[in-house]
Structure formats: C-alpha cells, structure tokens
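Heads up: the structure comes next, in structure tokens.
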Amino acid sequence: MALWGGRFAQSPAEAVFALSRSVHFDWRLAPYDLRSSLAHLAVLQSSGLLEKSVAEPIRGALKELTSEIAQGTFAPIETDEDVHSALERGLTEKLGAIGGSLRAGRSRNDQVATDLRLYAIDHMIEVAQQVIALQESLIAKAKEYSDAPAPGFTHLQHAQPVLFGHEIAKHVQGFSRDLERIENWLDRAQISPLGSGALAGSSLPLSPETTAKELGFIASAANSIDAVSDRDFVAEALFILSMIGIHLSRIGEEWCIWATTEFGWAKVSDAYSTGSSIMPQKKNPDMAELARGKAGRLVGNLTGVLTMLKGLPFAYNRDLQEDKEPLFDSIDTVLLVLPAVTGMIATTDFDREKMALAAPLGFSLATEIADYLVRAKVPFAHAHEAAGKCVALCESTGRQLHQLTDQEFSSIHPELKGNVRDVLTVHGALESRTTIGGTSPASFKNQMKEVSEKTSTFSKEFTNKAKAFSEMMGA
Ligand code: ARG
C-alpha cells in the first residue's frame with residue numbers, strides 16, 4: 001500500500017516500484033518500527049491529538065502485529081514498498097482508516113532513522129557480547145600456554161623468543177579497543193531523530209524528549225535537518241565492524257600459517273576443519289580462511305556507505321535507503337564469524353615441543369648478546385655490531401650462538417666473556433623481559449590478571465545494556 005499518491009495521476013511504473021522497494025531487506029526493522037510507533041502513539045495521546053478511543057485500539061493492533069510478526073503470521077506482500085508501508089497496511093487491515101493516524105507528526109524520514117538506530121544499537125550490543133566471548137576463549141588459551149616458549153616474529157622471520165601465551169593474549173587487546181569503540185559509538189548512536197518529521201520538526205505538540213527517553217535514547221536530536229540526514233552512526237558502526245573483521249582476519253592468517261605442515265604448531269580440531277572432495281588426506285583450516293576472507297566484504301560495506309554519503313545534499317534523499325543492506329550484511333557477517341572463531345580457538349591444541357625447539361632457531365637470541373654488552377657499558381651501536389659478528393661467524397661455521405668459544409667471543413669484543421652463554425638461553429631471554437607488557441612470566445601474569453578483569457567488566461556492562469534494551473523493546 002502506497003503511503004502517498006494524492007497528487008499523482010498515475011501509479012508508479014513497474015520498474016520504479018521495483019527499484020524503490022526495500023521491504024525485502026528492511027523488514028527486519030519491523031519490531032523497532034512497531035516499538036517506536038508505540039512511543040509516538042503515547043505522545044499523540046498524551047498531547048490530546050488522539051482520543052483514548054482511537055489510541056487504545058491502535059496500541060492493541062501494534063502489539064498484535066508485534067506478536068504476529070514474531071510468529072510469522074504477518075509478513076510483507078508484493079505490493080508493500082517498505083517496512084513502514086507494510087506495517088501501516090497491517091494497522092489499516094485491522095482498524096480501517098484510523099490505522100493511518102500514526103502518520104501525524106511523523107515522516108518516514110525520522111521514522112526510518114529512528115528504526116535503524118534502534119536496530120544498530122541492539123545488534124552492536126550483541127556483537128559486543130560475542131566479542132567478549134571470543135576474548136574469554138583467547139584468555140583461556142593464553143593461560144593454557146603461559147609457560148610455553150615459542151619463536152616471536154617480525155617480517156615473518158624469527159625475532160626473539162616469546163611465551164606462546166603472550167602471543168595469543170595480544171589478540172585480546174585489539175578486541176578491547178573494539179569494545180571501547182562500541183561503548184563510545186553508543187553515546188552518539190543513542191540520539192533520537194523522532195520528532196524531526198520530514199526535516200523541519202513538527203507543528204504538533206509532540207515531545208521528542210519523551211519519546212527519546214521511552215526508547216532508551218540518551219537525548220533527542222538537536223537539529224531536525226541533521227537528524228534525518230545523519231548516517232554517521234551507520235558509517236561508524238561499519239568501521240567498528242570492519243576493524244573487528246580485520247582483527248579476526250589476522251587471527252585467521254595466523255591459524256592458517258600455524259596449521260601448515262611446515263610449521264605444524266596448531267592442531268585445529270576436526271569440528272572446526274573441513275576436508276577436500278578429491279584429496280582424502282586433507283584437513284583444511286577453512287574457518288580461519290573465512291575469518292580472513294570476510295574482512296574484505298566488511299571493508300567494502302564501509303566504503304560503499306561512505307561513498308554514498310559523500311556530497312549528499314540535505315535533508316533526506318533516497319540515496320539514504322542504501323544505508324541498510326551494508327549495515328545488515330556487516331552485522332550478519334560479524335555475528336557469523338565470531339562464534340566460529342571463538343570455537344576454533346577454544347578447540348585448537350598447540351605442539352609445545354615443536355614451538356620450544358623452534359624458539360632459539362634463527363639466532364633469535366642475538367639481542368641477548370647486545371643487551372649483555374650494553375649492561376657492560378658498551379655503546380649499543382658497538383654491541384649490535386658485535387652481536388651481528390657472532391651471528392655471521394655462527395652462520396659461516398654452522399653453529400649456534402652458545403657454541404662459540406670463549407676465545408671467539410673475546411676476539412669479537414673484549415667485553416664478551418664466556419658467561420655470555422648464561423643469557424643465551426630461551427629461558428633466560430624470557431625471564432629477562434620484565435618490562436610492563438613484556439613477555440617474562442611475571443609480566444605475563446600481571447597482563448593476564450588485568451585483561452581478565454577488564455573482560456569481566458565489559459561482560460557485566462554489556463549484559464546490563466542488553467537487558468535494558470530488551471526491557472525497553474518488551475515494554
Ligand atoms: N525506505 C526508505 C528508506 O529506507 C524510508 C524513507 C522514505 N522516505 C522518503 N521520503 N521517500 O530510507
């Protein structure tokens with residue numbers, strides 16, 4: 001059912017309707033549209049614009065529609081243009097002409113912006129909860145490997161030994177930043193456009209502050225033109241979702257590398273692996289690959305929305321209808337990937353022995369020689385040079401650093417004594433990295449304590465937010 005038409009002599013051409021139609025994707029806004037309609041109805045009634053005898057049946061019909069949609073007994077039909085027109089059809093089918101009463105003081109422009117904010121808030125809270133579950137599995141895995149030495153890399157080359165738990169735990173940090181981004185995003189997303197009408201506000205005695213509060217927003221919008229045109233909250237959400245996706249992709253890449261025969265560190269569980277249709281021996285880390293691959297579409301969705309917004313005139317333009325599919329897709333994608341990666345991490349075992357044997361390879365203890373000389377007051381440039389010469393000598397004679405003789409050490413630098421071998425162990429190298437955030441067992445323990453506390457704070461906070469939101473929706 002069209003929500004307009006009075007001034008038109010012809011109905012839209014088929015191609016026009018086909019291009020305009022959004023109900024096949026915006027239908028998922030229905031519960032939020034109904035909830036904001038209840039808030040709008042309350043204001044129309046309390047300001048005396050709707051008699052109780054009209055308001056009550058509308059309220060009843062809105063509630064009926066809410067449960068019919070949940071049960072799937074009310075759904076859009078071919079002729080519905082968007083979620084708003086489908087729901088107004090539902091109201092008029094139940095109530096006749098008074099079903100159209102809610103259009104007073106409200107336009108689809110402020111309505112759709114309100115609905116989309118509510119949808120985004122609800123789902124970003126869900127994303128946050130899934131991110132927290134992922135953090136919990138990372139923390140558990142990191143603790144499991146809190147005493148396992150492994151090579152640490154730069155440029156994908158052995159750099160310095162690290163605790164493997166430290167290697168796993170680094171991922172928690174990026175997701176904490178993502179959670180902070182969601183918290184911070186909520187401050188701006190929780191601004192209600194309702195009451196802005198088409199663009200200029202309303203001449204009717206509405207109360208945007210009241211509807212804002214009822215819908216759990218922090219405040220109502222300060223400028224009605226901005227309110228119906230602003231999609232910063234969509235672009236920002238897409239950025240956050242992209243960042244989460246990029247963090248997931250880096251985990252995916254790591255898992256793929258660690259699961260190779262050449263590395264042989266990760267034993268990804270069968271439940272999180274897939275086979276090959278032709279090569280019976282294959283066990284592929286497809287979850288890790290999809291985690292890596294999905295980041296591309298997330299960035300694509302962000303780019304699409306930013307490009308759509310660039311240079312867009314104010315106030316509402318139909319271009320803005322293009323905000324929804326990318327947002328929905330990014331939310332769906334992230335909510336698909338997060339539990340799979342969480343499960344993959346929780347069920348992967350790592351080969352401690354292989355990692356420990358690899359830890360000192362590639363002369364990854366050379367920095368220990370330089371640091372040893374620095375402690376003997378040798379300027380770092382000379383210390384670095386001397387350590388490099390030790391590596392070169394080892395390379396040309398096929399030995400490891402600790403296998404150089406006392407005489408070879410002292411001929412490379414007089415301050416290099418035989419006791420340098422004391423620091424040429426993985427254990428010593430790990431123990432010595434005691435700076436905050438370093439890889440020593442002591443620093444790692446503190447890190448784990450802090451990160452566990454932070455994650456449990458996030459968990460409480462987002463559980464409360466989810467509860468408050470669902471109470472608001474159920475009210
Ligand atoms: N389906 C539209 C959208 O998603 C709703 C708003 C339509 N407003 C309008 N003035 N045509 O943006």
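What follows draws every value from the coordinates through simple rules; no lab data is involved. Quick caveat, the model's predicted, so the values are computed rather than measured. Positions of Cβ are backbone-derived with ideal geometry, glycine not excepted, and every protein chain shown enters the neighbour counts.
How much FRET efficiency would the formula 1/(1 + (r/R0)^6) give for A198 and E93, where r is the Cβ-Cβ distance and R0 is 22 Å, rounded to 0.05?
The calculated FRET efficiency here is 0.30.
Beyond 16 Å, what percent of the Cα pairs of the range 1-99 remain?
Working: 2866 of 4851 pairs.
Of the Cα pairs, 59 percent sit more than 16 Å apart.
Calculate the all-directions average of the projected area of the range 70-132's alpha-carbon convex hull, and give it in nm².
In nm², the orientation-averaged hull projection of the range 70-132 is 5.8.
Taking 0.36 nm per residue of separation and subtracting the Cα-Cα distance, what length does fully extending K267 through R188 add?
Extending this stretch completely gives an extra 24.1 nm.
Can you tell me the length gained on complete extension of the stretch F314 to A392, counting 0.36 nm per residue apart and subtracting the Cα distance?
Numbers: separation 78, 0.36 × 78 = 28.08 nm, distance 6.62 nm.
Extending this stretch completely gives an extra 21.5 nm.
What residues have an amide H closer than 5 Å to that of A159, excluding those fewer than 5 places away on the same chain, when H is modeled at 1.01 Å from N in the peptide plane?
Answer set, sorted by chain and number: G152, F153, T154.
Taking the number of other C-beta atoms within 10 Å as the exposure measure, put T274, T367, T397, T439 in order starting with the fewest.
T397, T274, T367, T439
Taking only C-alpha pairs under 8 Å that are 6+ residues apart, what is the relative contact order of the range 9-79 in percent?
Relative contact order, the range 9-79: 32 percent.
Could you order the peptides 179-185, 146-152 from most to least packed, using the average number of other C-beta atoms within 10 Å per residue? Walk me through the numbers before you get to the answer.
Numbers: 179-185: 18.3, 146-152: 19.9.
Ranking, from highest mean packing down: 146-152, 179-185.
Taking one equal scatterer on every alpha-carbon of the range 336-475, how large is log10 of I(q)/I(0) by Debye at q = 0.19 1/Å?
Result of the Debye calculation: -1.13.
In sequence order, what are the phi-derived ³J(HN,Hα) couplings for the range 300-312 according to the Karplus relation 6.51 cos²θ - 1.76 cosθ + 1.60 with θ = phi - 60°, rounded to whole Hz, with x for glycine and proline?
Result, rounded to whole Hz: x, 4, 4, 4, x, 6, 4, 5, 4, 7, 4, x, 5.
Using Cα atoms only, what is the angle between the long axis of helix 441-474 and the major principal axis of the chain, expressed in degrees (0 to 90) to the nearest 10?
Relative to the chain, helix 441-474 is tipped by roughly 10 degrees.
Once fully extended, how much extra length lies between S411 and V16, figured as 0.36 nm per residue of separation less the alpha-carbon to alpha-carbon distance? All intermediate terms of the calculation are to be shown ahead of the outcome.
Values: separation 395, 0.36 × 395 = 142.20 nm, distance 8.49 nm.
Extending this stretch completely gives an extra 133.7 nm.
Once amide H atoms are built 1.01 Å from N in the peptide plane, which residues 5 or more positions from G264, or in another chain, come under 5 Å H to H?
HN-HN under 5 Å from G264: empty list.
Please tell me the relative contact order of the chain in percent, rounded to the nearest whole number, where contacts are Cα pairs under 8 Å and at least six residues apart.
This gives 17 percent for the chain.
If you wrap a convex hull around the Cα atoms of the range 109-158, how much volume per residue is inside, in Å³?
Dividing the Cα hull volume of the range 109-158 by its residue count gives 92 Å³.
So if R0 is 35 Å, what FRET efficiency would E325 and E461 give, r being the distance between their Cβ atoms, rounded to the nearest 0.05?
Calculated value: 0.70.
Give a residue-ordered list of calculated ³J(HN,Hα) values for the range 203-208 (Karplus: 6.51 cos²θ - 1.76 cosθ + 1.60, θ = phi - 60°; whole Hz; x for Gly, Pro).
Listing the rounded values in order: 8, 7, x, 8, 9, x Hz.
Find how many whole Å separate the alpha carbon centroid of the range 419-472 from the alpha carbon centroid of the range 188-225.
43 Å
Report ³J(HN,Hα) in whole Hz for each residue of the range 85-100, in order, from the Karplus equation J = 6.51 cos²θ - 1.76 cosθ + 1.60 where θ = phi - 60°; Gly and Pro get x.
6, 4, 6, 5, 4, x, 5, 6, 4, 7, 10, x, 4, 5, x, x
Report, in listed order, any pair from K267/K449; K141/K449; K324/K465; K170/K460 with a Cα-Cα distance greater than 20 Å.
K267/K449; K324/K465; K170/K460
In nm, to one decimal, how far is the modelled label at Q400 from the one at L49, with both set 7 Å along Cα→Cβ?
7.9 nm
Using only alpha carbon pairs under 8 Å that are at least six residues apart, calculate the relative contact order of the range 12-139 and give it in whole percent.
Across the range 12-139, relative contact order equals 32 percent.
Restricting attention to the alpha-carbon atoms of the chain, what are Rg (one decimal) and Dmax (integer), both in Å?
Rg, Dmax (Cα atoms, Å): 30.1, 102.
Below 27 Å, Cα to Cα, which lysines can K389 reach? Residues fewer than 8 away in the same chain don't count.
Cα-Cα hits under 27 Å: K377, K417.
At a Förster radius of 35 Å, what calculated FRET efficiency corresponds to the Cβ-Cβ distance of T73 and R177, to the nearest 0.05? Show your work: numbers first, answer last.
Values: r = 44 Å, r/R0 = 1.24.
Here the calculated transfer efficiency is 0.20.
Using label points projected 7 Å from each Cα along Cα→Cβ, tell me how many nm separate I246 and E431, to one decimal.
4.0 nm
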